[in-house]
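K.L.:
One structure, pasted below without further comment.
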């Protein structure tokens, strides 16, 4: 089982002051994870809200992390392709891969916050079409040779993107999938890896979506057993079982309140089936901690954390990315949790 860090942090002015202080904390955690032997660090792109908005550019934070590390893989988790120009994305990811010595992972997705689409003047009903076209253009741009592209949204003639990725033909690609069945099927058909986000899903729903993904891989002539499946989960390892359950409560509640605030206007219903009323779902999670603990998080003492990892491995998950910085949790408590995990659990599951 690979173990990584995942960043969709909650920026709270009353806690962090300037976002520079949040970045300082994040890099302290990454420095520790590099020394402890974590596999990767993932950065999510969001905008404008306390819910992840302190990382408007996943690649920019990833590049800073690459400069501080020598071993960990450096991942976007994700770049929202519909609201970014694909040529710029192709360039930036290729630079990241080059300066990191071929450690980049390219996580991609559509995003689901209408406010982000509106701010960048991108019609949300074009979400999937823009995603597919941006993906196709980026793959062509990474060949390191002149190419042309005649799409609905982007047109390129005799262009060469410099640099091309160090990893060939390109860095590993992960697709973020939450609810939309088409996302699981698309990733499987193209032979990509899966980044699963179980924010509003049960374990039973998770297993069903993994079967969709594996079935699509098999139908495309690809071995389902070779797929990497990463899941990102809130994490806190406490001094004992009771403390580990109760201490994260206010912080995970705050996280879900900020998620609800960022999603007051629903995503386009035709493009995002199943996303209707997602703000209410986040509010429900904020108000009902037992809906989060233990199914949608890893909160526990040593034995509970080990058991949770074993359960996830049995589901076919190959990597668990830990959301350790959320809801304004104090940095000293984040670091103590990481230290307990690295000392008592990580050596037993690597």
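The values are calculated or read from the model by the stated rules, or taken from the named source; none is laboratory data. These numbers come from a predicted model, not from an experiment. Reconstructed Cβ throughout: ideal geometry from the backbone, glycine too, with neighbour counts over all protein chains shown.
K.L.:
For region 101-157, what are the residues that are surrounded by 20 or more Cβ atoms within 10 Å (Cβ to Cβ), out of contact with any helix residue (DSSP H, G or I) (no Cβ under 8 Å at 6 or more places or on another chain) and outside any strand (DSSP E or B)?
P.N.:
113
K.L.:
Determine, yes or no, whether residue 97 is over 22 Å from residue 228 (Cα atoms) and touching a residue at least 40 places away in the same chain (Cβ under 8 Å).
P.N.:
no
K.L.:
It is to be established whether one or more residues within region 173-184 are under 30 Å from residue 204 (Cα atoms), in contact with a strand residue (DSSP E or B) (Cβ under 9 Å, 6 or more places away or on another chain), modelled with pLDDT under 95 and assigned to a loop (DSSP other than H, G, I, E, B).
P.N.:
Yes: one or more hits.
K.L.:
Only one residue in 286, 307, 342 is part of a helix (DSSP H, G or I), more than 24 Å from residue 184 (Cβ to Cβ) and at pLDDT below 75, so which one is that?
P.N.:
On inspection, the qualifying residue turns out to be 286.
K.L.:
Related question: Looking only at residues that are touching a residue at least 60 places away in the same chain (Cβ under 8 Å) and touching a strand residue (DSSP E or B) at 6+ places or on another chain (Cβ under 8 Å) in region 197-214, which one is surrounded by the fewest Cβ atoms within 10 Å (Cβ to Cβ)?
P.N.:
198
K.L.:
Residue by residue through region 192-222, note down the ones that are part of a loop (DSSP other than H, G, I, E, B) and out of contact with any helix residue (DSSP H, G or I) (no Cβ under 7 Å at 6 or more places or on another chain).
P.N.:
Passing the criteria: 192, 197, 199, 201, 202, 221, 222.
K.L.:
Ok, one more. Among helices (runs of 4 or more DSSP H) lying entirely in region 1-72, which contain 2 or more residues that are surrounded by 23 or more Cβ atoms within 10 Å (Cβ to Cβ) and without any contact (Cβ under 8 Å) to a residue 60 or more places away in the chain?
P.N.:
Per the criteria, 58-68.
K.L.:
Check region 247-254 and report whether any residue there is modelled with pLDDT under 95, touching a helix residue (DSSP H, G or I) at 6+ places or on another chain (Cβ under 7 Å), surrounded by 16 or more Cβ atoms within 10 Å (Cβ to Cβ) and within 26 Å of residue 106 (Cβ to Cβ).
P.N.:
Within region 247-254 (the criterion being modelled with pLDDT under 95, touching a helix residue (DSSP H, G or I) at 6+ places or on another chain (Cβ under 7 Å), surrounded by 16 or more Cβ atoms within 10 Å (Cβ to Cβ) and within 26 Å of residue 106 (Cβ to Cβ)), the answer is no, since none of the residues qualifies.
K.L.:
Scan (1) under 20 Å from the mean Cα position of the chain (by Cα); (2) closer than 26 Å to residue 4 by Cβ for the single condition residue 128 breaks and write down its number.
P.N.:
Failed condition: (2).
K.L.:
Please work out which one of (1) more than 19 Å from the chain's Cα centre (by Cα); (2) touching a residue at least 24 places away in the same chain (Cβ under 8 Å); (3) closer than 30 Å to residue 125 by Cβ is the condition residue 88 fails and give its number.
P.N.:
Failing condition for residue 88: (2).
K.L.:
State which residue pairs qualify: first residue closer than 12 Å to residue 80 by Cβ and inside region 121-139, second residue at pLDDT below 95 and exposed (fewer than 15 other Cβ atoms within 10 Å of the Cβ) in any location, beta carbons under 9 Å apart, and separation of 6 or more residues or different chains.
P.N.:
Qualifying pairs under 9 Å: 124/118; 130/123.
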